[in-house]
Amino acid sequence: MKKVEKIATHDFPVWRDKADFIIASRLSEELGIDDLLDWEQLWARKLNSDRFEICCIPFFIYGLALGDIVKTKPFGSRTYVVSEILGHSGRKTFRVFFQSLFRWNEIIDEITSLGCNVEVRWEKSKLIAIDAAAEIDCNLIRAYLNNLEKQNDIRWETGN
């Protein structure tokens, strides 16, 4: 029996208007969670035949951020799979895992008021991915997230 691949998708990528392509990144080896997810679909802007600018905030991939430039190569049946990061945008990625959805609107509003972009993945993981541009003071974001974590509202991590 053939294994069904599990793919994390982005319903509302923050740079959707710039994106013109969808590429993939393997997750199983990187995360060591073969039974949870296999791939993350990434919205991107095609720069040439194998180079792309990332147009979404990665939910699961470490070391990658919105605006980074990546190289792709074929892997298995897929033609465009991230193989290398060619350039970093200087942006930071944070991930927030909610314990409940009690205050999620308030928390997302506060994060966006700090100047960040947010993408939401609720259906299975109660997860948001946060993008902070290079000019944003990430210490304010970390302090806010640490406070929420102490209150047991969330768990959080950095993605890059």
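What relative contact order, as a whole-number percentage, does region 58-160 give when Cα pairs under 8 Å and 6 or more residues apart are counted?
33 percent
Short version: what are the Cα gyration tensor semi-axes of the chain, square root of 5 times each eigenvalue, largest first, in whole Å?
27, 19, 13
Just how much of Thr79 is accessible, in Å², when a 1.4 Å probe is used and the result is rounded to the nearest 10?
80 Å²
Averaged per residue, what accessible area in Å² does the chain show with a 1.4 Å probe, protein chains only?
Heavy-atom SASA per residue in the chain reads 54 Å².
Can you compute the radius of gyration and Dmax for region 65-160, using only the Cα atoms, both in Å?
My reading of the Cα-based Rg and Dmax gives 15.4, 45 Å.
Treating only the Cβ of Lys, Arg, Asp and Glu as charged (+1, +1, -1, -1), what charge dipole size does the chain show about its Cα centre? Round to the nearest 20 debye.
340 debye
Between Asn152, Ile141, Ile61, whose Cα lies farthest towards the positive end of the dipole of the chain when Lys and Arg beta carbons carry +1 and Asp and Glu beta carbons carry -1, centred on the Cα centre?
The Cα lying farthest towards the positive end belongs to Ile61.
How would you rank 106-115, 86-95, highest first, on the average number of other Cβ atoms within 10 Å across their residues?
By packing density, highest mean first, the sequence is 86-95, 106-115.
Could you check how much of the accessible area of the chain is carbon and sulfur, as a whole percent, using a 1.4 Å probe?
50 percent
Under the classification rounded if a/c is under 1.5, otherwise prolate if a/b is larger than b/c and oblate if not, where does region 33-117 fall, given a ≥ b ≥ c as square roots of the Cα gyration tensor eigenvalues?
It comes out oblate by the Cα gyration axes.
If one puts a single equal scatterer on every Cα of region 71-126 and applies the Debye formula without solvent, what log₁₀ I(q)/I(0) results at q = 0.15, 0.18, 0.25 Å⁻¹?
Relative scattering, expressed as log10 I(q)/I(0), comes to -0.69, -0.81, -1.00.
Any idea what angle helix 138-150 forms with the longest principal axis of the chain, computed on alpha-carbon atoms, 0 to 90 degrees, nearest 10?
Tilt of helix 138-150: around 70 degrees.
For the chain, find the longest principal axis of its Cα atoms and tell me its angle to the long axis of helix 104-113, 0 to 90°, nearest 10.
It is inclined by approximately 80 degrees.
Order of 21-27, 9-15 by packing, highest average Cβ count within 10 Å first?
21-27, 9-15
For region 34-65 and region 71-108, compute the distance between their C-alpha centroids and round to whole Å.
6 Å
Please check: in the Gaussian network model of the chain (C-alpha springs, under 10 Å), which one of Glu84, Glu40, Glu119 has the largest mean-square fluctuation.
Most flexible of the set in this elastic network: Glu84.
The values are calculated or read from the model by the stated rules, or taken from the named source; none is laboratory data. Everything numeric in this text was worked out from a predicted model, so none of it was measured. All Cβ positions, even for glycine, are placed from backbone atoms using ideal geometry, and neighbour counts span all protein chains on display. What goes into the accessible areas is simple: the full protein's heavy atoms, side chains included, and nothing from ligands, DNA or RNA. Shrake-Rupley method; radii C 1.70, N 1.55, O 1.52, S 1.80 Å.
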